[in-house]
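Have a look at the structure below before the remarks.
The values are calculated or read from the model by the stated rules, or taken from the named source; none is laboratory data. Computed from a predicted model, the values in this text were never measured in an experiment. All Cβ positions, even for glycine, are placed from backbone atoms using ideal geometry, and neighbour counts span all protein chains on display. All accessible areas refer to the heavy atoms of the entire protein, side chains included, with ligands and DNA or RNA removed. Shrake-Rupley method; radii C 1.70, N 1.55, O 1.52, S 1.80 Å.
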Amino acid sequence: VQLQASGGGSVQTGGSLRLSCVVSGRALRNYVVSWFRQAREKEREFVAGTSRGGHTYYTNSVKGRFTISRDNAKNTVHLEMNSLEPDDTAVYYCAADARKITSEIRSLIYDYWGQGTQVTVSS
């Protein structure tokens, strides 16, 4: 399984970006997929996740601003990010796991990781 993340960039405060994670090698429908981010000199943290059934989970700081969605037909998971803030600046990673249970969706233990895409929000 390979994950390819894309869509990062530089925006001003209040701007929007849409990240995409393409999963290849296996059918997306079998995987829990999440987005994590890691800011400079900080630990990697959970941002949003989607279960096999399409249920969604968010960290509190992005609720109401970010939306995660999955398109199983295209083997793609999107992260729509609106009202971006400087604190959202980080490298964003997508991760997938076929055995993940949703109670552990926020943990860092995933079988597969994408390469990361940089998001920079300037004030």
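Note on the chain: with neighbouring protein chains present and a 1.4 Å probe, carbon and sulfur make up 44 percent of its accessible heavy-atom surface. Computed from backbone phi with θ = phi - 60° and the Karplus coefficients 6.51, -1.76 and 1.60, the 3J(HN,Hα) list for the stretch 82-89 is 10, 6, 5, 10, x, 5, 7, 4 Hz; x is used for glycine and proline. Across the stretch 1-115, the convex hull enclosing all Cα atoms gives 93 Å³ per residue. Between Glu41, Glu80, Glu104, the GNM of the chain built on Cα springs shorter than 10 angstrom shows Glu41 fluctuating the most.
Sequence-ordered 3J(HN,Hα) estimates for the stretch 99-112 from the Karplus curve with 6.51, -1.76 and 1.60 and θ = phi - 60° stand at 9, 5, 9, 5, 5, 10, 4, 7, 6, 7, 7, 10, 6, 10 Hz, glycine and proline given as x. Lysines near Lys74 by alpha-carbon distance under 28 Å, same-chain residues fewer than 8 away left out - which ones? Partners found: Lys63, Lys100. Report the Rg/Rh value for the stretch 3-46, based on alpha-carbon coordinates and the Kirkwood definition of Rh. Rounded to two decimals, Rg/Rh equals 1.04. Solvent exposure of Thr102, expressed as accessible area, is near 50 Å², computed with a probe of 1.4 Å over the protein chains only.
Loop-located trypsin sites (Lys or Arg not before Pro) in the stretch 24-71 (DSSP state other than H, G, I, E, B) with a sparse environment of at most 13 neighbouring Cβ atoms within 10 Å: Arg40, Lys42, Lys63.
The gain in end-to-end length when the Lys42 to Ala27 segment is fully stretched comes to 2.1 nm, 0.36 nm per residue minus the alpha carbon separation.
Which of the three applies to the stretch 45-105, rounded, prolate or oblate, going by the alpha-carbon gyration tensor with a ≥ b ≥ c and a/c under 1.5 meaning rounded? It comes out prolate by the Cα gyration axes.
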